[in-house]
Amino acid sequence: MSPSQESVYPEYETDTSQTSKLIRKFKETPFVPIGMAGFAAVVGYGLYRLKHRGNMKMSLHLIHMRVAAQGFVVGAITCGVLYSMLREYVVKPKE
């Protein structure tokens, strides 16, 4: 990009490090990383419990873990949408 041209998104080009981009995205949409972390936790717990599932079939155990992981992600997305609606429509930002 030449110096004479002005950037369309200057706030996105000022952050150059991955950490600052991650922190900015976490502040904009906090429930996405929470959903991802919850998904990873459910999968980790499912893998741990895989060893001690008793006489339950493997396919049934995997279906239960998939439903739990998807439920956590859908719940986090729903909370994120409700949070953004609350922030945008109920609690008006100061202009």
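The values are calculated or read from the model by the stated rules, or taken from the named source; none is laboratory data. Being a predicted model, the structure only gives us computed values, none of them experimental. Note: ideal-geometry Cβ built from the backbone for every residue, glycine included; neighbour counts use all protein chains shown. The protein model used for the area step is the full one, side chains on, heavy atoms only, and it has no ligands, DNA or RNA in it. Shrake-Rupley method; radii C 1.70, N 1.55, O 1.52, S 1.80 Å.
A few notes on this one:
- Under the simplified labelling scheme, the K27-V81 pair shows an inter-label distance of 2.7 nm, with each label point 7 Å from Cα along Cα→Cβ.
- Mean accessible surface per residue for region 20-81, computed with a 1.4 Å probe while every protein chain stays in place, in Å²: 74 Å²
- When peptides 43-55, 27-39 are ranked by their average number of other Cβ atoms within 10 Å per residue, the highest-first order is 27-39, 43-55.
- Carbon-plus-sulfur accessible fraction, region 14-95 (probe radius 1.4 Å, protein heavy atoms only): 70%.
- Across region 80-87, computed HN-Hα scalar couplings (Karplus, 6.51 cos²θ - 1.76 cosθ + 1.60, θ = phi - 60°) run x, 5, 5, 5, 5, 5, 4, 5 Hz from first to last residue, x flagging Gly and Pro.
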